[in-house]
């Protein structure tokens, strides 16, 4: 059971209180696929421009990531420039150059249309719907979104939510979408609108999972060193979906365990800039941190 | 094994986004003892003025709380006026009338000097030290403090910390005391300064426990209804110490379980203004919420 992710592959420039990096590899599909590839085969559907460095393509290939749907087209790669203050939960966007993303209209290669696990990374919900229409009965679909689409494309977003197994969003997005300050009420409202389940990510404060049958609360792994929170949410999703697809199960107990794996993967991602930590991460390291996490949360 | 708490019994006026209550029962020793009394015998050492309503004394008596060290003296009761905005983690003090607290110099009744479990609620660390000197070899001492003492009485506070088993404080106090933004580093620094263990309370985001041998992370019970967060920290301490003294054990496994009980007790306390919810709380309700909490945090 392999995984398909449709999202962005980007060139980021990032400043945090701990340093600054220009023109580094970023994008939702990048973080997601690097995390998920530790567990299972991942195929990326994304578009970059001719300026996209070859070494980044080699990096993805070396991780065994399927690039059948990865296209290099005329133009420049999507670029994001962001800054974080000491509150690392909030990203301040300095510049966004959509570039090739302006004409991003993903066509899923025929061989990938039967993929079982689909992650629709944050993008226009109308595009996310179009991707879903191309798929042939996936067994598990998860999606992400952001405040911009909640404000400007609420209707298509709600249509999309009716078709997914899992909707991942952060706490402020959950409050915005539901109009509820209380996260438990927000989660209930969101689940009543369509998705089979929701995960509200609270950054360093952990995550809340709610489905019609079950609820799960977990703290985040408490790190002493955080350099760059970029991509933590997509890495979380990658760890989760990687674990689920490897387990070949999506029952509530497996989902809970996958949330811990997602959280562990994200805890590694933020330990260095860009995808540096993820790129050198190994499965024994993941398992070892999972064991520590179990020990410090068990009672 | 009974419990002794030295702290305040107060008259509060509280405003939250959900309502306003004037002249209601408050104070650290009040919240602590109501929570702990569900588990075990608690003795309160505190001082109030002649204006203190008799019905509040009857309320404490009805809960079986020992009032041998509870004194009504000439003058007025300590009064606190506070307000919370939507961020219920931050209390804004509008007025403080110390009144009889100005001459609070607790003398522990001889019969109580051998009490095993001691909670030194937030007050001048020099007073907390004087209380401790009166005790005869307690088996477990916990204490609380606040930003004011960290700023103005750091030396006596550090002397006190060297003598306690457990220091409870909230996240902003931990950052202030340690000079560390990262909570894990802050916890390590605090433990290196004396207390056998520290609990950093993060309000709705749960708590972090650290001792020299062990670490424990827990989310808070996610409530849909929060009316008044006043006293949540003292209630947490009361639930913890109540559970520990009832268990007659203070090993790490029992402490972890007691932290969950503390968190559960606090989750009830905030469901109504003042001590209203605590005053009508029953042990079956506590056990039932503990079971729910276990279910939603287990993986």
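Couple of notes before you dig in:
- Inter-chain Cβ neighbour average for residues A:195-208, partner chain, 10 Å: 2
- In this simple spin-label model, placing a label point 7 Å from the Cα along the Cα-to-Cβ direction at both residue A:102 and residue B:212 gives a separation of 6.5 nm.
- Estimated translational D of the range A:3-297 in µm²/s (Stokes, Kirkwood radius over Cα pairs; 20 °C; 1.002 mPa s): 113 µm²/s
- Each residue, residue A:89 and residue A:282, gets one label point 7 Å from its Cα in the Cβ direction; the gap between the two is 3.5 nm.
- Percentage relative contact order, the range B:194-299, counting C-alpha pairs under 8 Å, at least six apart: 22 percent
- Only helices enter the 222 nm calculation for chain A: every DSSP H run of n ≥ 4 contributes -39,500 (n - 2.57), and dividing by all residues gives -11000 deg cm²/dmol, rounded to 500.
- The range B:229-271 and the range A:224-259 have their alpha-carbon centroids 31 Å apart.
- Copy-to-copy label distances for residue A:136, where each label lies 7 Å from Cα along Cα-to-Cβ, are 8.4 nm in order of increasing length.
- Rounded to 5, the percent of DSSP beta bridges in the range B:1-111 classed as antiparallel: 45 percent
- The ranking of B:116, B:62 by Cβ neighbour count inside 10 Å, starting from the fewest, reads B:62, B:116.
- Cα centroid separation - the range B:200-216 against the range A:173-200, whole Å: 28 Å
- Sorted largest first, extent of the protein assembly as shown alpha carbons per principal axis (Å): 85, 43, 39
- Reference-scaled alpha-carbon Rg (2.2 N^0.38 Å with N residues) for the range B:143-221: 1.00
- Relative contact order computed over the range B:3-297 (Cα-Cα under 8 Å; 6+ residues apart), in percent: 18 percent
- A straight line joining the Cα centroids of the range B:5-70 and the range A:25-88 runs 59 Å.
- Packing-based ranking, highest mean first, of B:12-23, A:241-252, B:199-210, B:256-267 given that Cβ atoms within 10 Å are counted: B:256-267, B:199-210, A:241-252, B:12-23
- At q = 0.11, 0.12, 0.21 Å⁻¹, base-10 log of I(q)/I(0) for the range B:181-266 (Debye sum, equal scatterers on each alpha carbon): -0.30, -0.36, -1.03
- Across the range B:76-134, the mean sequence separation of Cα contacts (distance under 8 Å, 6 or more residues apart), normalised by length, yields a relative contact order of 28 percent.
- Where Rh is the Kirkwood radius over Cα pairs, Rg/Rh for the range A:14-111: 0.99
- Inter-chain Cβ neighbour count for B:216-226, averaged per residue, equals 6 (cutoff 10 Å, partner chain atoms only).
- Average other protein chain Cβ within 10 Å of Cβ, residues B:290-297: 3
- Beta bridge orientation in the range A:3-297: antiparallel %, DSSP, nearest 5: 40 percent
The numbers here are math on the coordinates, done by the rules we state, and not lab data. Computed from a predicted structure; not experimentally measured. Neighbour counts are summed over all protein chains in view; Cβ atoms, including those assigned to glycine, are modelled from backbone coordinates with ideal geometry.
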